[in-house]
Amino acid sequence: MTSPTTSNDAEVQALRREVCALHQELVRWGLVAWTSGNVSARVPGTQLMLIKPSGVSYDALTPETLVLTDLHGTPQQDGATPSSDTGAHGYVYRAMPDVGGIVHTHSPYATAWAARSEPIPCAVTAIADEFGAEIPVGPFAMIGNDEIGRGIVDTLSGHPSPAVLMAQHGPFTIGPTPRAAVKAAVMCEDAARTIHLARQQGQVEPLPPEHIAALHHRYQNVYGQRTEHSDPTEGRNQ
Ligand SMILES: O=C(CO)[C@@H](O)[C@@H](O)COP(=O)(O)O
């Protein structure tokens with residue numbers, strides 16, 4: 001695919017519809033308050049990405065209002081201002097070529113762990129399945145430049161987790177597709193809530209590393225449907 005220079009490229013149009021629909025998943029799964037989350041997708045085969053316009057409510061979002069930018073966040077067409085986190089998303093896409101989608105939310109339980117700058121321990125099989133380790137914490141970084149993106153890349157490069165809790169801010173998730181990144185955001189909030197609840201009644205202990213590795217491998221490579229009709233993002237986040 002050549003780099004699309006206009007938004008009428010058929011593949012970009014399909015990606016617009018997918019990314020717009022995925023923003024509704026943030027609402028459906030209770031991951032956002034008001035406009036506090038965003039989803040982006042790399043445009044395959046290009047140096048471009050699609051991202052939510054800043055401050056636009058999810059019920060007003062349409063495929064056409066998503067902002068097409070280069071990977072430094074420069075809009076490619078006149079129109080809405082891209083998300084506050086465009087710099088962070090673009091930095092990750094430039095540094096991690098296998099990443100096809102990125103999500104940022106302020107989901108309550110995961111953000112509470114981020115507020116404490118505390119990683120979520122890999123204490124249940126569901127966390128081993130999706131994250132393959134504890135869900136790590138990244139450094140505090142101000143919004144609007146490369147700092148957050150650099151913190152995401154420094155934390156997740158070489159780490160099995162598709163989620164990072166940026167200290168005193170909230171979760172960012174990555175995936176090979178935007179749907180995989182949304183799934184990681186959903187599962188990150190689920191993990192944060194589960195371990196929060198468990199710790200109300202006592203201590204939790206991480207699973208043994210060998211069990212974490214075996215569980216992660218099974219989930220990423222065996223779980224779910226392995227037919228040509230299966231969803232390529234189910235059970236595989238990297
Ligand atoms: O975290 C922040 C601001 O602190 C932003 O990601 C969040 O408010 C969403 O901003 P956008 O509407 O994507 O510009």
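The values are calculated or read from the model by the stated rules, or taken from the named source; none is laboratory data. The model shown is predicted, which means the values in this text are computed figures rather than measured ones. Neighbour counts are summed over all protein chains in view; Cβ atoms, including those assigned to glycine, are modelled from backbone coordinates with ideal geometry. With ligands, DNA and RNA removed, areas are computed over all heavy atoms of the protein, side chains included. Shrake-Rupley method; radii C 1.70, N 1.55, O 1.52, S 1.80 Å.
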* segment 29-112: chymotrypsin sites (Phe, Trp or Tyr not before Pro) falling in loop per DSSP and having at most 10 other Cβ within 10 Å -> Trp34
* Asked: Rounded to the nearest 500 deg cm²/dmol, what is the calculated helix-only ellipticity per residue at 222 nm for the chain, with -39500 (n - 2.57) per DSSP H run of length n ≥ 4?
  -> -12000 deg cm²/dmol
* Cleavage-rule hits, trypsin sites (Lys or Arg not before Pro), segment 8-48, DSSP coil, Cβ neighbours within 10 Å at most 16 -> none
* **Solvent-accessible area per residue, Å², over the chain with all protein chains present [probe radius 1.4 Å]** => 45 Å²
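Starting from 0.36 nm per residue, how many nanometres of slack lie between Ala126 and Thr65 once their C-alpha separation is accounted for? Write out the running numbers ahead of the final one.
Numbers: separation 61, 0.36 × 61 = 21.96 nm, distance 3.57 nm.
Extending this stretch completely gives an extra 18.4 nm.
Where Rh is the Kirkwood radius over the Cα pairs of segment 10-115, the temperature 20 °C and the viscosity 1.002 mPa s, what D in µm²/s does Stokes-Einstein return? Can you show the working numbers first?
Details: Rh = 13.8 Å.
Answer from the Stokes-Einstein relation: 155 µm²/s.
In percent, how large is the relative contact order of the chain, given Cα pairs closer than 8 Å and 6 or more residues apart? Walk me through the numbers before you get to the answer.
Details: 496 pairs, mean separation 45.4, N = 238.
Taking the mean separation of contacting Cα pairs over the length of the chain, I get 19 percent.
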* Asked: Taking the Cα atoms of segment 65-144, what is the range of coordinates along each of the three principal axes, in descending order and whole Å?
  -> 48, 26, 22
* Relative to the present Cα-Cα distance, how much length would full extension add between Arg199 and Arg28 at 0.36 nm per residue of separation? -> 58.9 nm
* To do: Calculate, in nm to one decimal, what Ser54 and Gln13 gain on full extension: separation in residues at 0.36 nm each, minus their alpha carbon distance.
  => 12.8 nm
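Could you please state how large a percent of the accessible area of the chain is carbon and sulfur, counting protein chains only and using a 1.4 Å probe? Walk me through the numbers on the way to the answer.
Working: 5890 of 10820 Å².
Roughly 54 percent, rounded to a whole number.
From the mean inverse distance of alpha carbon pairs (Kirkwood) and the Cα radius of gyration, derive Rg over Rh for the chain. Intermediate results must be reported in sequence, preceding the final value.
On the way: Rg = 17.2 Å, Rh = 17.8 Å.
Rg/Rh for the chain comes to 0.97.
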* Structure fact -> In vacuo Debye sum over C-alpha of segment 104-238, base-10 log of normalised intensity I(q)/I(0) at q = 0.13 Å⁻¹, listed in q order, is -0.52
